[in-house]
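Below is one structure, written out as structure tokens, with a few remarks after it.
Read-outs: derived from the displayed coordinates by stated rules, not from any lab. Remember, it's a predicted structure, so these values are computed and weren't measured experimentally. Ideal geometry is used to build each Cβ from the backbone, glycine not excepted, and the neighbour counts take in all protein chains shown.
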């Protein structure tokens, strides 16, 4: 409201009207009052429109479970990139992974962050699980039976064999344990030698063969 010493109400003009739509940010609203004699007075104030509305995600991919690629400890995963909308209309979509990246055996969380022009952030994620459910494979291994006579003067024999070779679909050599080692001293009779291969996902394979040591009354049949 404006008054004047003349008693005549001044005319008032303004840059904006109550009920106007204001953009985000700061806008100065000014009023100018002019009396009958041309004297003027001005008043202004600032309207601040703040954006506290988070972006909204659209088309976030579902969780993915897939086997590793052949002879690789990883798998290539592709997906349709999600989108995000915001009341400001301006959104950036940074992510820690991209469609077509390779993902290691195990669980990976893919996170997207939508950021609008007012620095409001909305995050969303999906989970990629790469599994290896294939057992290792013994590619080269000793004969199922290995026969040998006792060493001179004793009831045992030092037995040597070529250790088996193992591979895995992940491309990473499995760890191998065995009940005996080449060059071990083995007693007369039949002895089972077993090997166990375990890959990085815990899948196992076993191979065993028999060592037959003949001598001192025991005949290898």
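How about region 68-94: which of its residues are over 21 Å from residue 108 (Cβ atoms) and surrounded by fewer than 17 Cβ atoms within 10 Å (Cβ to Cβ)?
83, 85, 87, 88, 89, 90, 92
Would you be able to tell me the number of residues in region 48-67 that are surrounded by 13 or more Cβ atoms within 10 Å (Cβ to Cβ) and under 22 Å from the mean Cα position of the chain (by Cα)? Steps first, please.
At the first step, the residues of region 48-67 found to be surrounded by 13 or more Cβ atoms within 10 Å (Cβ to Cβ) are 51, 53-57, 60-61, 64, 66-67.
Filter again for under 22 Å from the mean Cα position of the chain (by Cα), leaving 57, 60-61, 64, 66-67.
Number satisfying all stated conditions: 6.
Residue by residue, here is whether (1) within 28 Å of residue 202 (Cα to Cα); (2) in contact (Cβ under 8 Å) with a residue 12 or more places away in the chain holds:
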position	(1), (2)
120	no, yes
134	yes, yes
141	yes, yes
144	yes, yes
152	no, no
170	yes, yes
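When restricted to residues that are surrounded by 18 or more Cβ atoms within 10 Å (Cβ to Cβ) and more than 13 Å from residue 147 (Cβ to Cβ), region 173-192 contains 1.
Looking across 96, 101, 86, one residue alone is closer than 28 Å to residue 173 by Cβ and free of Cβ contacts under 8 Å to residues at least 60 places away in the same chain. It is 101. Scanning region 126-177 for residues that are assigned to a strand (DSSP E or B), more than 32 Å from the chain's Cα centre (by Cα) and closer than 18 Å to residue 195 by Cα returns 139, 140, 145, 146, 165.
Among the residues of region 130-157, those identified as under 30 Å from residue 98 (Cα atoms) and surrounded by fewer than 16 Cβ atoms within 10 Å (Cβ to Cβ) are 131, 133. If the requirement is being in contact with a strand residue (DSSP E or B) (Cβ under 8 Å, 6 or more places away or on another chain), exposed (fewer than 15 other Cβ atoms within 10 Å of the Cβ) and not in a strand (DSSP E or B), which of these qualifies: 45, 22, 36? It is 22.
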